[in-house]
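Written below as structure tokens is the structure these notes are about.
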Amino acid sequence: MSTRAEDAIEIRPLTTLEQFERCVVLQLEVWGYSDGDLIPRRVFLVAQRIGGQVLGAFDGETIIGFAMALPGYREGHAYLHSHMLAVLAEYRNAGLGRRLKLAQREDAIARGFDLMEWTFDPLEIKNAHLNIARLGAIVRRYKPDFYGPSSSPLQGGLPTDRLYAEWWLRSPRVTKALRGEAETMDVLERIAVPHSIYEWKQDPERRDLARQVQTANREALQAAFDRGLSVVGYERNAEGDGAFLTGRWKPEEQGAWS
Ligand SMILES: CC(C)(COP(=O)(O)OP(=O)(O)OC[C@H]1O[C@@H](n2cnc3c(N)ncnc32)[C@H](O)[C@@H]1OP(=O)(O)O)[C@@H](O)C(=O)NCCC(=O)NCCS
């Protein structure tokens, strides 16, 4: 961790090729992708030029994290698809990931967007907690093997299953979550993710255990979504295990168009 206070880290838009080149370096450090999976600097430039977002977190002059989003279009509405969020390992768990998302939200609202989406790995307990519990995103879509095979060691050779996080930027649920208040909703199911999943993914001898959790949770989440349920909460226990909580999220009560 840097010796600078956390609030000394500034978040601002990235605009130059040199800055986009730095995002490519960070991508390599954070995900360890091979060339075929790496987003080149020109795509960052395009994202920034066509109404997406490229925001950087600066420790002094050094960019130590970034968020990148592309504009999307669905059901007659424009929205933002946030493709990448990365913070260098030594700066993590100090609220920077959350601050980058808040900066994305502020910019998106200022430009008239209602919705930001992104995908995340349902086995990543930390990301699920950040997305659902801290930011107030909901989930009601599951895509098995979204990207096909991934060269990132973080994936542990498993299929790239992804959940779609929907962040209804101005909804009562999100504004409450950002104030640290949870919505009171009936929880209909809990779908658990053991904390050992991180070790299992990285250990070839125990990878099958991770695969079994992935398959079981894929079925449970898809079945819940087929019944019209959404992921409306996420819990962690003292051991670090996670659990998706499903319930009835009502778009009409949240100002959502979809
Ligand atoms: C995801 C990522 C950007 C988050 O950045 P960050 O600066 O660490 O995020 P924050 O500090 O704002 O929030 C992290 C939260 O997860 C919690 N957390 C940390 N480790 C955890 C774990 N093993 N299990 C559950 N929660 C965990 C933290 O306590 C914090 O929650 P809190 O604010 O309620 O205490 C960063 O971890 C990263 O770059 N990861 C690798 C790339 C990635 O997965 N990107 C996202 C998908 S595209």
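How far is the Cα center of segment 29-78 from the Cα center of segment 158-220, in Å? One Cα centre to the other: 24 Å. The lysine pair tally for the chain, using Cα distances under 19 Å and a gap of 8 or more places or different chains, is 4.
Springs between Cα atoms under 10 Å define the GNM used for the chain, and in it the highest mean-square fluctuation of GLN212, GLN222, GLN104 occurs at GLN212.
For the chain, the spread of Cα positions along the three principal axes, ordered from largest to smallest, is 47, 47, 36 Å. Relative to its Kirkwood radius, the Cα radius of gyration of segment 114-253 gives an Rg/Rh of 0.96.
What residue among GLY240, LEU154, THR184 has its Cα farthest toward the positive end of the dipole of segment 114-253, where the charges are +1 on Lys, Arg and -1 on Asp, Glu, each on the Cβ? Result: THR184.
Please state the charge dipole magnitude for segment 66-169, taken about the Cα centre, from unit charges on C-beta atoms (+1 on K and R, -1 on D and E), reported in debye and rounded to the nearest 20.
200
Beta bridges assigned by DSSP with both partners in the chain are antiparallel in approximately 95 percent of cases. Evaluated with a Cβ-only charge set (Lys, Arg +1; Asp, Glu -1), the chain carries a dipole of roughly 540 debye about its Cα centre, given to the nearest 20. Neighbour counts of C-beta atoms inside 10 Å place PHE146, PHE244 in the sequence PHE146, PHE244, starting with the fewest. For the options GLY247, GLY97, GLY76, a Gaussian network treatment of the chain with springs between C-alpha atoms closer than 10 Å singles out GLY76 as fluctuating the most.
With springs connecting C-alpha atoms under 10 Å apart, model the chain as a Gaussian network and identify which of LEU17, LEU70, LEU96 has the largest mean-square fluctuation. Answer for the Gaussian network model of the chain: LEU17. Relative contact order of segment 114-253, taken over Cα pairs closer than 8 Å and 6 or more residues apart, is 29 percent.
Bear in mind these aren't lab numbers, they're just calculated from the coordinates by the rules spelled out. This one's a predicted model, so the numbers in the text were calculated from it and none came from an experiment. Cβ sites come from the backbone with ideal geometry, for glycine too, and all protein chains shown count toward neighbours.
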